[in-house]
């Protein structure tokens, strides 16, 4: 049986912005605002180690005040349990995993190197295009 399900590579956003794990949270937030995005890959040297979202930043406890929050690093609030998929994986599997794990994004890799990102926004776009084509 031939699968007509597209691969993640055909629907991902190929441009991924990244931040170093030891960078200040403020730097990550500024990058997100500057590029109008909600997720950043988190890197340790050249290795993908996590993901940080605008929600991670928004829900950072700041009851101790902005002075404490401004000293936080990405390492302290990012998710180190990053879900990634290889470019050749089928979209249905990735969508199910994102749904089951309540994920807003999947980092896409090619032989372990970041090649793109697939977000819920991308999923909505794909669904709308699918509906229009049906």
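Just so you know, all these numbers are worked out from the coordinates, no wet-lab data involved. Since this is a predicted model, take the numbers as computed values, not measurements.
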Per the rule of 0.36 nm per residue minus the C-alpha distance, extending residue 93 to residue 33 adds in nm 18.5 nm
Antiparallel bridge percentage (DSSP; both residues within the chain; nearest 5): 75
Reduced to Cα centres, the span from region 111-131 to region 1-58 in Å works out to 12
Rounded to the nearest 500, what is the chain's calculated 222 nm mean residue ellipticity when only DSSP H runs of at least 4 contribute -39500 (n - 2.57) each, over all residues? -10000 deg cm²/dmol
Any idea what angle helix 91-101 forms with the longest principal axis of the chain, computed on alpha-carbon atoms, 0 to 90 degrees, nearest 10? 40
Expressed in nm to one decimal, what extension gain is obtained for the pair residue 101 and residue 124 from 0.36 nm per residue of sequence separation less their Cα-Cα distance? 6.5 nm
Sequence gap at least 6, Cα distance under 8 Å: using those rules, report the relative contact order of region 8-133 to the nearest whole percent. 30
Calculate how steeply helix 25-35 sits against the longest principal axis of the alpha-carbon atoms of the chain, using the helix alpha-carbon long axis, and give the answer as 0 to 90 degrees to the nearest 10. 40
To the nearest 10 degrees, the tilt of helix 120-133 (Cα long axis) against the first principal axis of the alpha carbons of the chain is 20
DSSP bridge orientation in region 10-64 - percent antiparallel, rounded to nearest 5: 65
